[in-house]
1. Over 28 Å between Cα atoms, which of LYS98/LYS347; LYS98/LYS348; LYS115/LYS181; LYS286/LYS348 qualify?
2. Could you go through segment 158-167 in sequence order and give the Karplus-derived ³J(HN,Hα) for each residue, using 6.51 cos²θ - 1.76 cosθ + 1.60 with θ = phi - 60°, rounded to whole Hz, and x for Gly and Pro?
3. Straight-line reach from LYS41: which lysines fall under 17 Å, measuring Cα to Cα and dropping same-chain residues less than 8 apart?
4. Show that you can apply the helix-only estimate: for the chain, add -39,500 (n - 2.57) for every DSSP H stretch of four or more residues, divide by all residues, and state [θ] at 222 nm to the nearest 500.
5. Label points 7 Å out from Cα along the Cβ direction at ARG294 and PHE66: separation in nm?
6. Loop only by DSSP, 15 or fewer other Cβ within 10 Å of the Cβ. Give me the trypsin sites (Lys or Arg not before Pro) in segment 1-58 that pass, ordered by residue number.
7. Please list, by residue number, every one of the trypsin sites (Lys or Arg not before Pro) in segment 176-231 that is coil in DSSP and has at most 12 other beta-carbon atoms within 10 Å.
8. Just to confirm my understanding: which cysteines in the chain have no other cysteine beta carbon less than 4.7 Å from their beta carbon?
Amino acid sequence: MVRILNLEDLKQIGRQAGLDDVAVTGVEPILEARHAIEERKALGLHAGMTFTFGNPERATNPSLLFEGARSVVVALRRYAPPTSSLNNTLNKDHASPKGTVAAYVRSEEYGSLRKGLEALAEHLTLLGARTEIVMDDNRLADRAVAAQAGLGWLGRNTMLLHPKLGSWTVIGSVVTDMPIKSESDRVDDGCGSCRRCSEDCPTGALDEFGVLDANKCLAWLLQAKGIFPREYRTALGNRLYGCDDCQLLCPINDNELNVSQDPSDRESHVDIVKLLGTPDEELMEKFGHWYIPRRQPSYLRRNALVVLGNSGNRDDPEIDRVLRECLNSDEALVRSHAVWAAFRLNKKHLVTEQHPASLLRDDPEGIVDAELQEWGISMDSGV
């Protein structure tokens, strides 16, 4: 005889394991989410992202995880939001430039979430169930599954909005072949007429209906391959990794809940000059937990150089030193963004003192030359 678990049993186990909320849903396909993903992909709004865009059918159909799957236990763990309001203001003159880091990577919440999911899976396994943990990967559209389970609604900022926890949560699931009784209902859309996130997005990446254009989203552009688009560099401000604006602007997050973990154990602001002067191996040791394209430190330097160019700091001699190092980098990606940063800081001489052949070497895509031309520099005549 198959035992049918009660959701309250799992909620209690989840709370004891450090989870903030647990709900259950079935494994039926979430067609609305699939259609939304496919439509965004067809319109090119995914900006080349793979993730759930790679296989929308699989990502929105939990039954495809394994044969015989019957239930999905979905769990949330809350992480600490930024301690200040929108913290993307530029660095003040004479201060060492700092880059901000998105709140979700400042602590080990995914590790804590996994431990909670493992506790749930262990309990189910002891009862004879098959289980599979799914978190932070592309096999399930986690926000859509969480909304289906009644843990919140999909807000206009594209985040899962929990009525009490807000959007500052990480999401994971345990798919199981055990039937689990649940009385969870879907949560009604609570955004109403609010348009804060779409109206105040620094690049206009969100439309009024909550459709995200990843081609404009700073959080994605910081993780994307290639150059950082010139049209969005000043809008980046001092964001080094991620952008929390659409969460900070959301009134659902205005409550003063106690967070479910100790204060963040990673720095929220990174010294940009120090980062640019750090060897590649050390950079990856420190920031390797971030999503870095192709695992290449040059992308960290790319982002840092845009932040540096936005800092307005022109007097620190250490900035001249790291800019010279970056202008002599073996990576064309780094050199091109160093050109941009130098001109933004009125340090044209750092560029013009370089030998043209050195600046343009090993640049098959011509990104350094293109950046120089944007600033009116011709490599034939020098200036």
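Where a number appears in this text, it was derived from the coordinates with a stated rule and is not lab data. This is a predicted model, so every value here is computed, not measured. Every residue, glycine as well, gets a Cβ built from its backbone with ideal geometry; the counts of neighbours run over all protein chains shown.
1. Cα-Cα > 28 Å for LYS286/LYS348; rest within.
2. Per-residue couplings from phi come out as 6, 8, 6, 10, 7, x, 10, 7, x, 9 Hz.
3. Cα-Cα hits under 17 Å: LYS216.
4. When only DSSP H runs of four or more count, the value is -9500 deg cm²/dmol.
5. 3.7
6. ARG3
7. Here the trypsin sites (Lys or Arg not before Pro) that fit, given the DSSP loop and packing criteria, are LYS225.
8. Cysteines of the chain left without a disulfide-compatible partner: CYS191, CYS194, CYS201, CYS217, CYS243, CYS250, CYS326.
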